Ligand SMILES: [Mn+2]
């Protein structure tokens, strides 16, 4: 039995499901959660969709996004199984969820496409080559013979657009286009979705972008580009960490840059100094390995982690790992 058949069997033979994805969610996290949730409802399952951050304002256009709860208490049933989508580690879902899962004896299903050195969980569909987790979920829904409604199709399509940078990144394959084309037949309007994802920025995010670009520094002979986001910038522009989504792509877009870094100062002033690091690469640099050396993770060309310490210490630690990676 392959992984898809195995997970389809588990779904068919159980009734009550919690579906969750990582905190600070992107299109793939939210779209995957909703698409799988709608499919399981079609099979008359009880589902509870969860995201610890909730649905960011920019993703509220996704059909049925209101079905996602931010609260893990008061689930109206005892779950038989928990599905974690677009990450493998329950701690990536969030601290509250991790604690919740700790005391629970349920089947744990993982559907993911991130790079990991850990062994594959027992009940899982994990494919690093997949363009998005939603793409894997679409194949699972086909196996389950789900009627692909327009709402399901839009959510799946958004996962692919988001994670392939509009069919541009190296994870875009011939099968990506085949499935995208199928999704269009179920009623997806590509421009509607692109408009919602790419042409719907708030003015304050663009003002934040201006401040962030002012911090741009090139190093390592122009191969590494770094930008900073400080708490002060959030204050001045009335923005939050959600508004930093995608900003790291600007330094990556510079000619000759192979590794782009965004360092974000944690918002909470009571905490010790802590930097959230986003890494993006071109060519063959595996940034997931850099992130993993600080306890983070991600994909070969897009990853993230946290580093404690003041800016100069955090930078020093990061640069030493970057130097190993870009050799
Ligand atoms: Mn993803």
Margin query: Checking residue 92 against (1) part of a helix (DSSP H, G or I); (2) within 15 Å of the ligand (Cβ to nearest atom); (3) touching a strand residue (DSSP E or B) at 6+ places or on another chain (Cβ under 6 Å): exactly one of these is not met. Which one?
Written below: (3)
Next item on the list: Confirm whether residue 11 is closer than 20 Å to residue 135 by Cα, more than 16 Å from the ligand (Cβ to nearest atom) and part of a strand (DSSP E or B).
Entry: no
Item checked: Considering residues of the stretch 98-136 that are under 17 Å from the mean Cα position of the chain (by Cα) and assigned to a helix (DSSP H, G or I) only, the residue nearest to the ligand (Cβ to nearest atom) -> 133
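Here is a yes/no grid of residues against (1) more than 17 Å from the chain's Cα centre (by Cα); (2) on the phi > 0 side of the Ramachandran plot; (3) outside the structural domain of residue 244 (by TED's automatic domain parsing):
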{"residue": "29", "(1), (2), (3)": "no, no, yes"}
{"residue": "38", "(1), (2), (3)": "yes, no, yes"}
{"residue": "43", "(1), (2), (3)": "yes, no, yes"}
{"residue": "52", "(1), (2), (3)": "no, no, yes"}
{"residue": "59", "(1), (2), (3)": "no, no, yes"}
{"residue": "64", "(1), (2), (3)": "yes, yes, yes"}
{"residue": "79", "(1), (2), (3)": "yes, no, yes"}
Item checked: Qualifying residue in the stretch 42-53 (condition: within 20 Å of residue 158 (Cα to Cα) and part of a strand (DSSP E or B)) -> yes
Check: Taking the stretch 290-301 as the region of interest, how many residues are free of Cβ contacts under 8 Å to residues at least 60 places away in the same chain and closer than 23 Å to residue 245 by Cβ?
Finding: 5
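Here's the yes/no breakdown for (1) surrounded by 15 or more Cβ atoms within 10 Å (Cβ to Cβ); (2) touching a residue at least 24 places away in the same chain (Cβ under 8 Å); (3) in a loop (DSSP other than H, G, I, E, B):
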| position | (1), (2), (3) |
| --- | --- |
| 226 | yes, yes, no |
| 232 | no, no, no |
| 243 | yes, yes, no |
| 257 | yes, yes, yes |
| 263 | yes, yes, no |
| 275 | yes, yes, no |
| 278 | yes, yes, no |
| 283 | no, yes, yes |
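Return the residues of the stretch 176-218 that are in a strand (DSSP E or B) and surrounded by 14 or more Cβ atoms within 10 Å (Cβ to Cβ); say none if nothing qualifies.
218
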Notebook entry, point to check: Out of 148, 160, which single residue is closer than 12 Å to residue 38 by Cα and either within 16 Å of the ligand (Cβ to nearest atom) or surrounded by 16 or more Cβ atoms within 10 Å (Cβ to Cβ) (or both)?
Noted result: 148
Check: What do you reckon, is residue 139 in a helix (DSSP H, G or I), in the same structural domain as residue 19 (by TED's automatic domain parsing) and touching a residue at least 24 places away in the same chain (Cβ under 8 Å)?
Finding: yes
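Is one or more of the residues making up the stretch 173-183 under 22 Å from residue 286 (Cβ atoms) and within 16 Å of the ligand (Cβ to nearest atom)?
Our first condition is that a residue be under 22 Å from residue 286 (Cβ atoms); within the stretch 173-183, this holds for 173, 176.
Remaining after also requiring within 16 Å of the ligand (Cβ to nearest atom): 173, 176.
Checked the stretch 173-183: at least one residue is under 22 Å from residue 286 (Cβ atoms) and within 16 Å of the ligand (Cβ to nearest atom).
The values are calculated or read from the model by the stated rules, or taken from the named source; none is laboratory data. Please read these numbers as outputs of a predicted model, since none were measured by experiment. Cβ sites come from the backbone with ideal geometry, for glycine too, and all protein chains shown count toward neighbours.
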